[in-house]
1. Could you check how many residues of the stretch 157-191 are farther than 30 Å from Val60 by Cα, of a type outside the set (D, E, K, R) and not in a loop (DSSP other than H, G, I, E, B)?
2. Any idea which of Ser415, Ser428 is at pLDDT 65 or above, part of a helix (DSSP H, G or I) and of a type in the set (Ser, Thr, Tyr)?
3. Give the stretch 374-410 a look and list any residue that's touching a strand residue (DSSP E or B) at 6+ places or on another chain (Cβ under 8 Å) and free of Cβ contacts under 8 Å to residues at least 24 places away in the same chain, or say none.
4. Test each condition in (1) modelled with pLDDT of 90 or more; (2) part of a loop (DSSP other than H, G, I, E, B) for Arg143 and report the one that comes out false.
5. Determine whether the stretch 229-238 contains at least one residue that is closer than 30 Å to Asn306 by Cα and modelled with pLDDT of 90 or more.
6. Among the residues of the stretch 142-187, count how many are crowded, with 20+ Cβ neighbours inside 10 Å, of a type in the set (A, V, I, L, M) and either within 16 Å of Cys209 (Cβ to Cβ) or more than 19 Å from the chain's Cα centre (by Cα) (or both).
7. Checking Cys457 against (1) at pLDDT 70 or above; (2) in contact with a helix residue (DSSP H, G or I) (Cβ under 8 Å, 6 or more places away or on another chain); (3) not β-branched (Val, Ile, Thr), which test does it fail?
8. Of everything in the stretch 277-323, what is of a type in the set (Val, Ile, Thr) and under 24 Å from the mean Cα position of the chain (by Cα)? Give them in sequence order.
Amino acid sequence: MEKKAAEDEIVEEQRGTPASIASAASKKRKRGAVDGAPGAGVCDDVLGSILARLPARTAVACTALSKRHRRLILSPAFRSLHCRLAPPLPRPHVAYVATAPLRWTRERDLVSEFKGFHVAGAGIGASAAPMRALSGERYFEDRYINTCNGVVLLAADGYSRRGRCVLWNPAVADVVRDVTVPHPAKGTDYLVLGLGYGRRSKTYKLLLCRWQRFEYSLQVYALGGQPRLRAVSSTGLDTKIQSQESLYMDGTVFVLDVDKPVILAFDVDEETVTTINLPGKRVRGWPRHARSTLMEMDERLCLAANLGHHHRVGLWLLRADRRWERRCVIELEGDVYHRDEKGDLYDCSVAGAWDCGGVLALYIQGFTASNNRLCLYHLATEKMFDAKLPRDVAPECSKYAVCWGYRPTLVAPRSIVELSQDEERRRSNAADIMEALKPLNEKDSREGRKDALGTMCFMEFLVNTMRKLPDGLHAGLTYPTANR
């Protein structure tokens, strides 16, 4: 009897009802779709290890392969793995933010600006070369401050009521996060100095200078789940800071104030500030001793400073023991100072320095683009040569900012700044309203890219010159300077 019943069940399954047949076919299609997906036969650990070795832009493009790829790549664990295993940018390269004016008022006051992020040397169409842009009145008064783990920090130029700044990762998408100091006291302004990441605390923090009732103090604003603002231990330090020249390296934010003889070193984890004396020898009667912004060379802090005379500049690297090591001496020709129409005095500065395997490429910037020079310093012979620099493409210093220490990551600004549900809803509604202006923003981006094309061409020319070094130093690339 039981045997007969079992045979009947088998026959019924073989015949099948229309519903059971459709269900089985659907399951087969789903199984086939999963089995046919890229990497379907590989476990998540192995697949994640493979994807983490791709450039940031390529990894982002892989999110379109399947839901599994998207879930894996957008996870916090994968972002951390990608930070450790992702390939570095090719050398040489120059990461920079190019700016271009967009709109003026009838009185010729600029009210809108374009900011485009590029990586010269990675190839304009290459996946390793993020090309993103911000445009419009919203970011008009923002300037580049520094970069940390692939996140670019833009902030108001000078002190502002709530210390507003913008977090932007050009390798991920054209989505930014605005950050402000919550509930500032009356009569209080903030100057944004830099963004850093604490490796032990795994927290991103902003270094601020607070002005309150004619008193200055350093503050740290920790971002994340529970944002907090607290004072930084800076006993005995002159915390009156007026400039925003900073660089993040290995858990430390270095800040250079042009009016001070020291560099401030902010330890992100310890939340303490120490000082590093500037190298070189000051020129008597001249307030500015540093002849460059904070740069990065061979993964070390780099700075150009005077050597006791207007025409002598030294290039220095900071060692692990916080002592300076001089790499070369630069002899400047002609007038190194220029007066503008207001009578203010400006000096030539080293806008960039790159080690090209025994030859240092030094881009020296004057008051105008016609005074700019590209010098090549041969370390073995201590001789300096002028490279053939096309004058028609050399940009003004106000048209770009080099992003020293940049490396592309998948760190999304929204993962750094966690907003409340009300704030997310408010920003979502504002984004829906601004959607109507999308064609206008696209038009601004096209015009901005067109105006910034000269800066892009110059940066590519600069990188192509460095690629020919050191072998091309005497192969028609340069001619000796008059004073060497």
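The values are calculated or read from the model by the stated rules, or taken from the named source; none is laboratory data. Since this is a predicted model, take the numbers as computed values, not measurements. Cβ coordinates were reconstructed from backbone atoms using ideal geometry, including for glycine residues, and neighbour counts include every protein chain displayed. Keep in mind that these areas ignore ligands, DNA and RNA; they rest on the heavy atoms of the full protein, side chains included. Shrake-Rupley method; radii C 1.70, N 1.55, O 1.52, S 1.80 Å.
1. 4
2. Of Ser415, Ser428, the one residue that is at pLDDT 65 or above, part of a helix (DSSP H, G or I) and of a type in the set (Ser, Thr, Tyr) is Ser415.
3. The answer is Leu389, and nothing else.
4. (2)
5. no
6. Matching residues across the stretch 142-187 total 6.
7. The single condition Cys457 does not satisfy is (2).
8. Across the stretch 277-323, the qualifying residue is only Thr293.
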